Amino acid sequence: MAQEISLLRREEIDISEITLAIECGGSDTTSGLASNPSVGYASDKLIALGGTSIFSETTEFIGAEHILARRAVSKEVGDKILEIVLKCEKKAMTMGVDMRGGQPTPGNIQGGISTIEEKSLGCIYKGGTAPITGVLDYGDIPNKKDYLLWILLVRI
C-alpha cells in the first residue's frame, strides 16, 4: 500500500471537500484536558470553513450522551443520540457486559480515570462545540450540504 500511495500526486481541493473522522485513542487524565480539546478545536475550525466532521464510537460518550443531545440541531437528532446509547448498552447487556459498571478499563484506571462518566466527559471534547446535525448508521454517507458535525453509530 505504501508503494501505491507513493505514486499518487498531491492536488489542491477546497477545504469543504475534507471530512475529519474522529476516533478513540487511549484515554488517561490528560486526554480530556489536552489532546481531545485540541481535536475538537480542529473539528470546529474545519466545520466553520465548510468541512465535515464525524465523531464515532457510541461507547465513547456513554454517561455524557445528554450533553451531546443538547447540542443537536433538533429534538429528533437529540433523541436519536440518546436512543443509540440506550441500544448500545442493551446490546452489551445481552452479552453479559455492563458498560457503565465495566468501564473504565484497567488501562484507563492506570492512566488516572475513575469512572465511565469521567472518561466520556473527556472524550466528547473531541467533537468540539459545533451543533450536531445528524446521526449516521453504519455505512451511511453524511449529507454534504449540512457540512456540520455528525455522530456515527458504530455497531458492537
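The values are calculated or read from the model by the stated rules, or taken from the named source; none is laboratory data. Everything numeric in this text was worked out from a predicted model, so none of it was measured. When we count neighbours, we look across all protein chains shown, and the Cβ atoms used for this are built from the backbone with ideal geometry, even at glycine.
Does the range 49-95 hold any residues that are modelled with pLDDT under 90 and among the small types (Gly, Ala, Ser), and which are they?
Residues satisfying the conditions are 50, 51, 53, 56, 63, 64, 92.
When residues of the range 10-61 are filtered for being under 11 Å from the mean Cα position of the chain (by Cα) and among the aliphatic types (A, V, I, L, M), how many remain?
5
Restricting the range 31-80 to residues that are without any contact (Cβ under 8 Å) to a residue 60 or more places away in the chain and assigned to a loop (DSSP other than H, G, I, E, B), which is farthest from residue 127 (Cα to Cα)?
Checked the range 31-80; the qualifying residue farthest from residue 127 (Cα to Cα) is 74.
If you check residue 151 against the conditions, is it surrounded by fewer than 20 Cβ atoms within 10 Å (Cβ to Cβ) and either modelled with pLDDT under 75 or within 17 Å of the chain's Cα centre (by Cα) (or both)?
No, not satisfied.
Quick check on the range 1-29: of everything there that is under 20 Å from residue 125 (Cβ atoms) and hydrophobic (A, V, I, L, M, F, W, C), which residue is surrounded by the fewest Cβ atoms within 10 Å (Cβ to Cβ)?
21
Could you tell me which residue of the range 13-30 is farthest from residue 111 (Cα to Cα), considering only residues that are hydrophobic (A, V, I, L, M, F, W, C) and free of Cβ contacts under 8 Å to residues at least 60 places away in the same chain?
13
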